[in-house]
Structures are given as C-alpha cells and as structure tokens.
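Every read-out reported here was derived from the displayed coordinates using simple, explicitly stated rules and does not represent laboratory data. Remember, it's a predicted structure, so these values are computed and weren't measured experimentally. Cβ: placed from backbone, ideal geometry, glycine included. Neighbour counts: every protein chain shown.
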Amino acid sequence: MSTPVQILVDADACPVKDEIYRVAWRHEVAVKVVSNSRLRVPEHPLIDRIVVSDGFDAADDWIAEAATARSVVVTADILLADRALKAGATVLGPNGKPFTMASIGPAIATRAIMADLRSGMSDGMGGPPPFSKADRSSFLQALDSALVRLKRQV
C-alpha cells in the first residue's frame with residue numbers, strides 16, 4: 001500500500017487554515033499544522049498540531065524533513081517551497097499559486113532583489129497586496145485539484 005497523502009501547513013502566518021481543514025475533511029487527508037507557538041486547531045483525528053522550538057527556521061526544517069512526494073505543503077515562504085519541491089512535494093502558496101521546479105528559481109531571485117531593495121530604503125516599500133476572496137477561492141481550487149491528483153497516484 002502506498003504512503004497516505006498528507007497536508008503540511010506552515011501555519012504561523014497562514015491565512016487559509018480553515019479552508020485547508022474543510023478540504024482535508026472532505027478528502028479524508030491528514031493535516032499537520034506546524035508552528036513555533038501553540039495555535040488553535042480543531043479537535044479532529046485528521047488534524048495534528050506540531051509545535052516546534054522557536055529557533056530560526058525550526059518550523060521550516062520540520063516541514064522540509066516531513067515532505068514527500070505524497071505531501072501538499074502550504075507556505076508563502078519561498079525558501080521552504082524550494083526545499084519541499086526538492087523533497088518531491090506539491091507546494092501551494094496561500095493564494096493558490098503553485099510553486100514548481102520551473103518557477104522557484106525566478107521566485108528566489110526576485111526575493112533576493114526585493115530584500116536588497118528594502119534594505120536600501122528608509123521608509124519601506126510596502127508589502128504584498130491584501131489577501132482577497134479571489135485568492136481564497138483560487139487556493140481552494142488548487143488544493144482540491146492537488147489532493148485529487150495525489151490520491152489517484154497509487
């Protein structure tokens with residue numbers, strides 16, 4: 001029998017946790033909610049709360065080590081996305097945009113450029129656009145599609 005499909009959530013700043021739970025319950029897929037501090041999660045046999053140390057990248061390290069080809073990793077962290085992709089996982093941003101081996105290199109480069117630009121500006125550049133209903137909808141569709149595809153692979 002193949003390894004069960006699982007969802008690994010980089011949870012500290014994840015805006016779509018409730019959506020993840022709903023899709024996971026519908027597909028009967030386990031969810032591991034990984035964070036540096038204790039977060040509220042539903043009491044449900046499919047959901048595990050994983051609290052790691054507050055060490056730098058402790059949650060990322062846990063997720064990267066647990067990621068497999070049967071995992072969907074949900075993160076906005078580009079460097080974690082890269083590590084999870086290298087482990088064979090399907091990786092989705094909270095806006096539903098998939099990270100792929102083809103897109104991760106340019107994303108890492110853009111991240112580095114933006115960090116350099118921010119460090120040279122005294123008043124900051126602002127952050128990403130606000131999270132929208134369209135982002136939430138895109139995420140739900142992307143997660144559902146990813147789980148259907150992984151469950152078909154035996």
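Of the DSSP H helices in the chain, those that are both long (alpha-carbon extent of 24 Å or more along the helix axis) and hydrophobic (Kyte-Doolittle mean at least -1.0) are 101-119, 133-152.
Gyration tensor over the Cα atoms of the chain: the corresponding equivalent ellipsoid has semi-axes (square roots of 5 times the eigenvalues, largest first) of 26, 17, 16 Å. K133 sits among other residues whose Cβ lies under 15 Å from its own Cβ, and their net charge, with Lys and Arg +1 and Asp and Glu -1, is -2. Where Lys and Arg each count +1 and Asp and Glu each count -1, what net charge lies around A69 among other residues with Cβ under 12 Å from its Cβ? Neighbourhood net charge equals +3. Counting lysine pairs in the chain whose alpha carbons fall under 18 angstrom apart, excluding pairs fewer than 8 residues apart on the same chain, gives 6. Under the simplified labelling scheme, the K86-F131 pair shows an inter-label distance of 2.8 nm, with each label point 7 Å from Cα along Cα→Cβ. Around P45, under 14 Å between beta carbons, what's the net of Lys plus Arg minus Asp minus Glu among the other residues? Value of the local net charge: -1. Our summary gives the chain a relative contact order of 22 percent, counting only alpha carbon pairs under 8 angstrom and 6 or more residues apart.
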